[in-house]
Amino acid sequence: FNKLLEFDQIWVPSQWQADCTIKQGADPSKVKVVPEGVDTKIFFPEDPQTTLDYTDGRFKFVIFGRWDYRKSTKEMIETFLKTFDPSEPVDLILSIDNPWGEPLDGCKTTGERLEKFGISDPRLKIKHFPSRDDYITYLKNGHVFLSCARAEGWNLPLIEAMACGTPSIYTSCSAQMQFARGKGLPIKIVGERSTQGNNYSNFAINLEDNHIPGNYYEPDFEDLALVM
């Protein structure tokens, strides 16, 4: 961050990120908001297709994002499993592989990770690095896009899902509020909590102690269950 202060300008994707950057000590005159966007020639509503996993008539929640404490990946899965009875025709499509670096939890695959945390279930449909075309198909055909991050700099999959007209769940915090406010299905926030509340995988400044300074927002996972 101190290195950033040496530059003539700091470009960030959202007003929330700009506010955070200024609060951390950047000169307000140097911080410029350059929003990310969505390609509406690719991401737009289409009639559902019976392809990929959408051929069995079951209801599909969809998660796209890495396995990460910041993204509440484990908590979303746990909430799904607690909310829906196995007898209900409801599945959760998961594309949550982490493609780089040595995993902090020692697991080489998403399957191993779910087993380790005791949340493996046949209703969880793991997709390993789907192609770009398949990703777009999953977003357009998914019944609900699911996101419940503790913080987001923008949340590209969320804006892409919303552009497809897919009902989308998200936390009422951070950068995504710039485009999601008043739309979709927001989740309440109960407050802030130290990033050191992490009890699984995270990206860290120091991989030896997994330390990231500061706070994250804390989602209301009971509200997540109700909204789901």
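The values are calculated or read from the model by the stated rules, or taken from the named source; none is laboratory data. Only a predicted model underlies this, so the values are computations on that prediction, with no experimental measurement involved. No Cβ is skipped: glycine too gets one built from the backbone with ideal geometry, and neighbour counts run over all protein chains shown.
Here is how the numbers come out for the structure above:
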quantity	calculated
From the options T166, T171, residue that is among the β-branched types (V, I, T), closer than 20 Å to E218 by Cβ, crowded, with 20+ Cβ neighbours inside 10 Å and touching a residue at least 24 places away in the same chain (Cβ under 8 Å)	T171
Only one of L81, L94 that is part of a strand (DSSP E or B) and not aromatic (F, W, Y)	L94
Residues (among the aromatic types (F, W, Y), farther than 30 Å from L124 by Cα and in a loop (DSSP other than H, G, I, E, B)) located in the stretch 2-58	F7
Test set (1) modelled with pLDDT of 95 or more; (2) buried (at least 18 other Cβ atoms within 10 Å of the Cβ); (3) more than 28 Å from N215 (Cα to Cα); (4) in contact with a helix residue (DSSP H, G or I) (Cβ under 9 Å, 6 or more places away or on another chain) - F44 fails condition number	(2)
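Residue by residue, here is whether (1) in contact with a Gly (Cβ under 7 Å, 6 or more places away or on another chain); (2) within 29 Å of Q178 (Cα to Cα); (3) not acidic (D, E) holds:
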{"position": "I42", "(1), (2), (3)": "no, yes, yes"}
{"position": "D53", "(1), (2), (3)": "no, no, no"}
{"position": "D56", "(1), (2), (3)": "no, no, no"}
{"position": "S72", "(1), (2), (3)": "no, yes, yes"}
{"position": "L81", "(1), (2), (3)": "no, no, yes"}
{"position": "V90", "(1), (2), (3)": "no, no, yes"}
{"position": "I119", "(1), (2), (3)": "no, no, yes"}
